[in-house]
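Notes follow once the structure below has been shown.
FYI, it's all coordinate maths here, none of it is from the lab. Since this is a predicted model, take the numbers as computed values, not measurements. Note that we place each Cβ from the backbone using ideal geometry, even for glycine, and neighbour counts take in every protein chain shown.
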Amino acid sequence: MSTTTVAQNDHKEAQDFMPINGTDYLELYVSNSKQAAHYYKTAFGFKSLAYKGLETGSRDFESYVVEQDKIRLVLTSPLKSGTDVGRHIDKHGDGVKITALWVDDATYAYEEAMKRGAKSYMEPVAEEDEFGKVVRSGIYSYGEVGHIFVERKNYNGTFLPGYQKWESDYQPTSTGLKFVDHMVGNVEEGRMNYWVDFYANVMGFKQIMSFDDKDISTDYTALMSKVMSNGNGRIKFPINEPAPGMKKSQVDEYLEFYEGEGVQHIAVATDDIVKTVSDLKSRGVEFLTIPTTYYDVLTERVGEIDEDIDSLRKLGILVDRDDEGYLLQIFTKTVQARPTMFFEIIQRKGATSFGKGNFKALFEAIEREQELRGTL
Ligand code: FE2
């Protein structure tokens, strides 16, 4: 049975001066947007939504937008050399560039963040087409990641002005992925508290959990993590840093191969993890595996659960319990050439935590992958 550590610090009672309705979209800079879009459709069950490229008058960049329930991914590649997108891909490989946050007033959000010390990514810009108007603004977060505030209350188009609807005869069935539950960042050693303060002071988030190297350590991995949440809990950003003296941990491997700080994993929620994971596996998504002995003591550790343990064992789904309920989770292998970003599939049955009781089993699974890569 795991417990949840609530940190004792000043950020528990943050003031919610920046209401956020949810995650609007995630934009990934990738080396081949067309093929990446096909991957997310075929493997993860996303559907074609919108497109921007040469046919729409975008001469420098091409973006494919795919959607599944409330999750939208924008996959962007350059159409020529010498662009900032190309430089980003050369340095980091494929990865998350933008976490877009859905707000009622993008100008207000920007001004509030800027007056509290944010670094500007883009000043408020209104874009219009025949479907209405969208206002977007943006600030920088850790590494080169940006948060774009999206105000779309006066818009009823497909995605954003500048995009056309992406009509496709190939629309795979959903795998049951519903929304972004949380998104984790890896930052350099000694920088976690800086970014915790940033989210508290600049964006009004509060710290809801904290883990240190006593909670999270194996022979190779020690990391510290604090979870920041906005006022209504729809946005949750755990921030990891490697613990000192452990130079071969998964966070160190990420920082080395991403060549800097960035998004480590995107956790997406489902209502039926057994069905979702079976479906994803049959479409070729690869998951971390854990020793089946994990399940021998599962009921002892988490008590009675609704799911059939044999199905969980067969799929490698992990379970953890906190004071409010339990959760089921599983992690994909990394999804691009570099061993950097991956996805988590999560089903919450009351639990509001992040699976601390699974950290050891999970990290040992990651280390087995690191060993194969020669980075342990
Ligand atoms: Fe997670």
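Here are a few things to note about the model shown:
- Taking 18 Å as the straight-line reach from the Cα of Lys34, the lysines in range (excluding those fewer than 8 positions away in the same chain) are Lys47, Lys52, Lys80, Lys97, Lys165.
- Proximal charge balance of Thr375 [Cβ under 10 Å; K/R count +1, D/E count -1]: -4
- Overall Cα dimensions of the chain, principal axis frame, Å, largest first: 59, 49, 39
- Cut-off 12 Å between beta-carbons: net charge of the residues surrounding Glu241, Lys and Arg +1, Asp and Glu -1: -4
- Once backbone amide H atoms are built at 1.01 Å from N, Ser141 has Gly146, His147 as its partners under 5 Å, excluding neighbours fewer than 5 places away on the same chain.
- Whole-number D in µm² s⁻¹ for segment 22-165, Kirkwood Cα-pair radius fed into Stokes-Einstein, 4 °C, 1.567 mPa s: 83 µm²/s
- Qualifying lysines (Cα of each under 26 Å from Cα of Lys314; at least 8 residues distant if same chain): Lys41, Lys178, Lys275, Lys281, Lys333, Lys349, Lys356, Lys360
- The residues Thr83, Thr332, Thr276, Thr173, when put in order of fewest to most other Cβ atoms within 10 Å, stand as Thr173, Thr83, Thr332, Thr276.
- Computed log₁₀ I(q)/I(0) - Debye formula, equal Cα scatterers, no solvent, segment 177-373, q 0.09, 0.12, 0.13 Å⁻¹: -0.32, -0.58, -0.69
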